[in-house]
Every structure is written in structure tokens, then in C-alpha cells.
Amino acid sequence: MTTELFQTAKSALINATKDVKHPFRYFTMATIGINNSPRLRTVVLRGTEEDLSLKIYTDKRSKKVTHIKENNNVCLLFFDHNEMLQLKIDGKAYLEQDEKILKKAWKQIREHAKKDYRTSQEPGSKIKDPEMIEYLDTSSHFAIIHIIPSKIEYLALKKDKHVRALFSKEGTNWEGNFLVP
């Protein structure tokens, strides 16, 4: 039965990249910040591969990029309120280095959304007024973060009995075990 749960989780992650209204489209990503303190933020799922590697976009000047460069362990939390399904994913994150891949992804971003990667100041900089943000004309600070999962914890909250399982990646295979909820 853990195989069915794994397929449910996998399908949900793949569907979240195709359906902008899917509850897993926006999720919480945790990194380890300076002084080993956890840092959380909501990010957008941009891609899920067949091997369950995940992709998000970011500004390369963001704190999450700094954190990943120092410690690439990340934890992701997805929640679907309608299905009462939670996925917690542990993995390793890395930045895309291939300029061709970055350029191809950049071309696919809608023009109005490109401004998010073109601010003259880095994300988190103090400003006096949101209307005063300056944007660069042509250059950008666009980056792609890939997350390679190593563990997926599945939790389905049900009225009669919650179901919890842990999937661990062993080589290229995923092994599943039920857990006490």
C-alpha cells in the first residue's frame, strides 16, 4: 500500500507544475541561515521531474541562495487543505550553472514577471516606499534552484484514522514504511 501513497504524492507534485491553482504550487521552503537558525519562506514550484527533483526560481542575490551556498540541506512543506494531505521533503539544493538552461527558462517567463528578478537592490533591502523600487532595463539576477529529495514524509489526515509513511531514496529507488501518525 505504500506504493499507492508514493504515487499519490508524486502525482500531486507533478500536477502542481501544470495547474497554477493546485495547492502544492506554493509551498514552504526552509534553509539553514547564518548562525544555524532555520529560515522559512513561501516559494513557487516551477518544475517536477520524473525522479522527483524539484525546481524553483529566485533572485540570485536572495538570502536563500546565500544559505544554500553555505549549507545545501533544505526542507520543504506542502499542504493540500482539500485533501488534508501534507508532504514534508528533505533534500539537497543546488543552483543551476548552465547558462543555456537559464536563458531558456528566462525566455519562458512572462514579461510582467521578469521584473521580480530585475530590481536594482537585492531582495530584503530596506526602502522608504514600495512605489520607489528601481528596475534594471535588460540585465537580471534570475537563478534556478534544483532540489534533489532524499526523504518524503506523507501524512494524510483522515477523520477515522490518519495515515503516515516515510519514503527514503536508496540509490535510484524509493523505499516506503508506514509510521505511527
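For a quick check, take a GNM of the chain with Cα springs below 10 Å and name the residue from 132, 84, 29 with the largest mean-square fluctuation. Comparing 132, 84, 29 in a Gaussian network model of the chain, the most mobile one is 132. The distance between label points at residue 7 and residue 125 comes to 5.1 nm (points 7 Å beyond Cα on the Cα→Cβ vector). In this label model, residue 157 and residue 51 are separated by 3.4 nm, measuring between points 7 Å along each Cα→Cβ vector. Considering only 120, 84, 52, and ranking their Cα positions along the charge dipole of the chain that arises from unit charges at the beta-carbon of Lys, Arg, Asp and Glu, the one farthest toward the positive end is 120. Exposed loop positions in the chain were taken to be GluC sites (Glu not before Pro) whose DSSP state is not H, G, I, E or B and which have at most 14 other beta-carbon atoms within 10 angstrom. Between these positions, the longest stretch is 84-133.
The slack in the chain from residue 82 to residue 115, taken as 0.36 nm per residue of separation less the alpha-carbon distance, amounts to 8.6 nm. Note on segment 77-151: Cα-Cα pairs beyond 22 Å make up 49% of the total pair count. An ellipsoid equivalent to segment 1-106, defined through the eigenvalues of its Cα gyration tensor, has semi-axes of 24, 18, 13 Å when rounded to whole angstrom and sorted largest first. In whole percents, the pair-distance distribution calculated for segment 108-181 from its alpha-carbon pairs, binned every 10 Å from zero, is 14, 25, 15, 20, 23, 3. Sorting 106, 174 by the number of Cβ atoms found within 10 Å of their own Cβ, with the fewest placed first, yields 106, 174. Neighbour counts of C-beta atoms inside 10 Å place 62, 168 in the sequence 168, 62, starting with the fewest.
Pull up the cross-link candidates among the lysines for residue 151, meaning alpha carbon to alpha carbon under 25 Å and not fewer than 8 places away within one chain. Qualifying lysines at Cα under 25 Å: 10, 18, 55, 63, 64, 69, 88, 92, 161, 169. Here the ratio of the Cα radius of gyration of the chain to 2.2 N^0.38 Å is 1.12. Most fluctuating residue of 139, 53, 125 in a GNM of the chain with Cα springs under 10 Å: which is it? Taking springs between Cα atoms under 10 Å, the residue moving most is 125. Compute the long axis of helix 2-18 from its Cα atoms, compare it with the longest principal axis of the Cα atoms of the chain, and write down the angle in degrees, 0 to 90, nearest 10. So the helix axis and the longest Cα principal axis differ by about 20 degrees.
Which one of 115, 55, 159 has the biggest mean-square fluctuation once the chain is modelled by GNM with Cα springs under 10 Å? Among 115, 55, 159, the largest mean-square fluctuation in the Gaussian network model of the chain belongs to 159. Over the chain, Cα pairs under 8 Å with separation of 6+ residues give a relative contact order of 22 percent.
A short reminder: the numbers here are calculations on the coordinates, not readings from a lab. Only a predicted model underlies this, so the values are computations on that prediction, with no experimental measurement involved. All Cβ positions, glycine included, derive from the backbone under ideal geometry; neighbour counts span all protein chains shown.
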